[in-house]
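Structure first, then comments.
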Amino acid sequence: MNLSLLEQHSDFEWHIPATGKMRVPGIIYAERGLLEDMDNKVYEQVCHVAALPGIVSASFAMPDAHWGYGFPIGGVAAFDPEAGGVVSAGGVGFDISCGVRTLHTGLVRAQVDAVKARLADTLFARIPAGVGSTGPVHLSATKIDDMLAGGAKWAVDQGYGTQADLERIEERGMAHHAKPAAVSPQAKKRQRDEMGTLGSGNHYLEVQEVDEIYAPSIAEGLGLQRGQIVVSIHCGSRGLGHQIGTEFLREMVVEAKHYGIDLPDRELACAPIQSELGQRYLGAMRAAINCALANRQILTHLAREAFSKVLPQACLTLLYDVSHNTCKVEHHLVDGKTKRLFVHRKGATRAFGPGHPDLPDSIRDLGQPVLIGGSMGTSSYVLVGSNEGADERAFGSACHGAGRNMSRTHAAARWRGRAIVEELASRGILIRSPSDRGVAEEAPGAYKDVQAVVDAAQAAGLARKVVRLVPVVCIKG
DNA sequence: ATGTGC
C-alpha cells in the first residue's frame, strides 16, 4: 500500500481523509511493515465502503486485512438504519459466521505426545474434512428449519454437547430473529448432509499446547496454564452460507438502483436495512449464523468422541466460540449518542471489553476472549477485548487471524503439500488432510506473520494478548 | 469460502 495516501495518527493507526464520495474517513490499524505489504486494493476497498449510505464513524480495517470481495477481509463497518443505512451480503462474506471455538481438554502435553499419531488418525477418521465432505447428521426439510432457528442450542437439544457449552457461545448459541423461510430450498438442500463437517480452505481442527502466557491473571481466569492442551475448531456455515451469499449478492446488485443506491463497486451490493430485501437477507444471514454455530457444536461432539477413544481422561469444555463473518445489531456511542447499529465484521472478531453485559457471567470481568487462528504450523493466540476508556476502537472489534498475503493459486504453484506435511512432522506437528493441494494453498509462507498482526492489534488498543498456542496435531480441510 | 471456474 502507498503510505503517502495515509495520515499517520500513531505507530498503529492510519487515517484516510474523507474525500470524493466518502461519507466518513477510513481508519486502518497496523504497523508500517504490515501496511507496506498490504495490497492497494485494501485501500480502495476501505474507501469504497466509506461511501455506502448510512455508514457511521469510519470504515475500518484490522491489521490482518487483505483484498476481499467488495469489503476487505479484516473490514469493520457499522450502519445506522435511521439514516438510510444498508446491509451488504459482501460485507458479511460468503462463509457466513465462519469462526473459531477453543476447548479446554484437562490434558498436558506429555499425555498427548504419548499417543499423538493415534490421536491424529482417530480425529482424522472422525472429523469429516474437505470439499463436499458429508457428516454423521442428515436432516429432513423440517429438521433443517429447526436447526436454522435454533443454532447450537438446537444441536445441544439433539444430544450434541451440554448446556454449559451454550454459555460460552456468542448470543448463548442462538442468533435471534433468524428466518428459515428466507433461506432458499437450494441452500437447504446443499446443507442436508453437511452438518458436522469442517469443509476446506483455511478450516481446521487443531490440538494445541498453551506455550506462552502474556497476561497471567487473565489466563488464570480463563483457566489457561502453560503446558496445557486445548482444541480449536475453525469452520463456518458450509454450502448453506455460500449459497445464501451468492443468491442475495445477485439480488442486491439487481435491486440497488431501485433503492437509489449508487454502488462504488458492484461487489458492494447492498440493500437498505429497513427494506424488504434487507430484512429478508438479515433473516437468512441469521439462519446461516445458527447453521455455523450448530456445525461447530456437532464437530465438538465428534472431537469429544475421538478423544474418548484415545485419551478417555480428557474432558473437553468450551472456553469460547466467536464468529468472524457477521452483521450484528449492537448499541454503540457515536458523537456522544448511543445508537442502534448494524455492525458488519468480515474477517474481524468482536472484542468486547471487561464488564460488557453481553459476556457470560463467569468471564465478564476479564473481557471477551478473542480467538486468533494462525496459519497452518504457526501459532494461534487468545486475546481479550480491552476497554480503552470511552474511546472504543472500531465498535469493539479486533483481527481474526494471520490473513493471507499470497493467492491460493500462487501458493499451490510454489509449494507441494506432501513436502509441507513432512517438514511440519519433522518439527513434531502432525497434519492430516484429504487434499495435498489444499495443504499447499495453506502453506505458512502464504500468510502474514501472525505475531506481527497480534502485536499490532494489542498496540492499537483493539485487544490484549493473553496466551500463545502452538500446534501439535492439525486436521486440515 | 464454495457440489471451487459466466
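The values are calculated or read from the model by the stated rules, or taken from the named source; none is laboratory data. This is a predicted model, so every value here is computed, not measured. So basically every Cβ, Gly included, is an ideal-geometry build from the backbone, and we count neighbours across all protein chains shown.
The table below lists the values:
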| item | result |
| --- | --- |
| Scan of the range A:224-238 for residues that are under 12 Å from A:Thr102 (Cα atoms) and among the small types (Gly, Ala, Ser), ordered by number | A:Ser232 |
| Residue match in the range A:191-206 (condition: more than 16 Å from DNA strand B (Cβ to nearest atom), under 23 Å from the mean Cα position of the chain (by Cα) and aromatic (Phe, Trp, Tyr)) | no |
| Pick from the range A:1-20, criterion assigned to a loop (DSSP other than H, G, I, E, B), modelled with pLDDT of 95 or more and over 24 Å from the mean Cα position of the chain (by Cα), ranking: surrounded by the most Cβ atoms within 10 Å (Cβ to Cβ) | A:Leu6 |
| Total residues in the range A:247-260, condition in a helix (DSSP H, G or I) and more than 16 Å from DNA strand B (Cβ to nearest atom) | 5 |
| Identity of the residue in the range A:159-197, surrounded by fewer than 18 Cβ atoms within 10 Å (Cβ to Cβ) and of a type in the set (A, V, I, L, M, F, W, C), that ends up nearest to A:Arg280 (Cα to Cα) | A:Ala181 |
| Single residue of A:Lys179, A:Lys189 found to be touching a helix residue (DSSP H, G or I) at 6+ places or on another chain (Cβ under 7 Å) and within 30 Å of A:Val86 (Cβ to Cβ) | A:Lys179 |
| Residues of the range A:216-246 satisfying the condition of being more than 16 Å from DNA strand B (Cβ to nearest atom) and either surrounded by fewer than 19 Cβ atoms within 10 Å (Cβ to Cβ) or free of Cβ contacts under 8 Å to residues at least 12 places away in the same chain (or both) | A:Pro216, A:Ser217, A:Glu220, A:Gly221, A:Gly223, A:Gln225, A:Arg226, A:Gly227 |
| A:Gly396 of a type outside the set (A, V, I, L, M), more than 12 Å from DNA strand B (Cβ to nearest atom) and surrounded by fewer than 19 Cβ atoms within 10 Å (Cβ to Cβ) | no |
| Residue within the range A:209-217 that is of a type in the set (Phe, Trp, Tyr), modelled with pLDDT of 95 or more and not in a helix (DSSP H, G or I) present | yes |
| Given (1) under 24 Å from A:Leu103 (Cα atoms); (2) of a type outside the set (S, T, N, Q); (3) in contact with a Leu (Cβ under 9 Å, 6 or more places away or on another chain); (4) surrounded by fewer than 16 Cβ atoms within 10 Å (Cβ to Cβ), index of the condition A:Ala425 fails | (3) |
| Pairs with Cβ under 9 Å, 6+ apart, first in the range A:171-190 and modelled with pLDDT under 95 and away from DNA strand B (no atom under 16 Å from the Cβ), second in a helix (DSSP H, G or I) and of a type in the set (S, T, N, Q) | none |
| Residue in the range A:22-62 that is surrounded by the fewest Cβ atoms within 10 Å (Cβ to Cβ), counting only those that are of a type in the set (D, E, K, R) and over 16 Å from A:Phe79 (Cβ atoms) | A:Glu36 |
| Segments classed as strands (runs of 3 or more DSSP E), wholly inside the range A:261-357, with at least 3 members that are among the hydrophobic types (A, V, I, L, M, F, W, C) | A:317-323, A:325-334, A:337-346 |
| Residue satisfying condition, being farther than 20 Å from A:Val210 by Cβ, assigned to a loop (DSSP other than H, G, I, E, B) and aliphatic (A, V, I, L, M), within set A:Met406, A:Met376 | A:Met406 |
| Qualifying residue in the range A:82-92 (condition: over 17 Å from A:Gln191 (Cβ atoms) and surrounded by fewer than 15 Cβ atoms within 10 Å (Cβ to Cβ)) | yes |
| Hey, A:Lys116 at pLDDT 95 or above, of a type in the set (D, E, K, R) and within 19 Å of A:Ala287 (Cα to Cα) or not | no |
| Meets criteria (closer than 24 Å to A:Gly130 by Cα and within 19 Å of the chain's Cα centre (by Cα)) for A:Pro434 | no |
| Residues satisfying the stated conditions in the range A:253-281, i.e. of a type in the set (Asp, Glu) and over 17 Å from A:Cys47 (Cβ atoms) | A:Glu255, A:Glu276 |
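Table: residues versus (1) in contact with a helix residue (DSSP H, G or I) (Cβ under 6 Å, 6 or more places away or on another chain); (2) surrounded by fewer than 21 Cβ atoms within 10 Å (Cβ to Cβ); (3) among the hydroxyl-bearing types (Ser, Thr, Tyr).
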residue	(1), (2), (3)
A:Thr378	yes, yes, yes
A:Gly385	no, no, no
A:Ala402	yes, no, no
A:Ala413	no, yes, no
A:Ser433	yes, no, yes
A:Glu442	no, no, no
A:Ala457	no, no, no
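Residues are listed down the side, and each one gets a yes or a no for (1) more than 23 Å from A:Ala292 (Cβ to Cβ); (2) touching a His at 6+ places or on another chain (Cβ under 6 Å):
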site	(1), (2)
A:Gly20	yes, no
A:Gly26	yes, no
A:Leu34	yes, no
A:Lys41	yes, no
A:Ala58	yes, no
A:Ile73	no, yes
A:Thr102	no, no
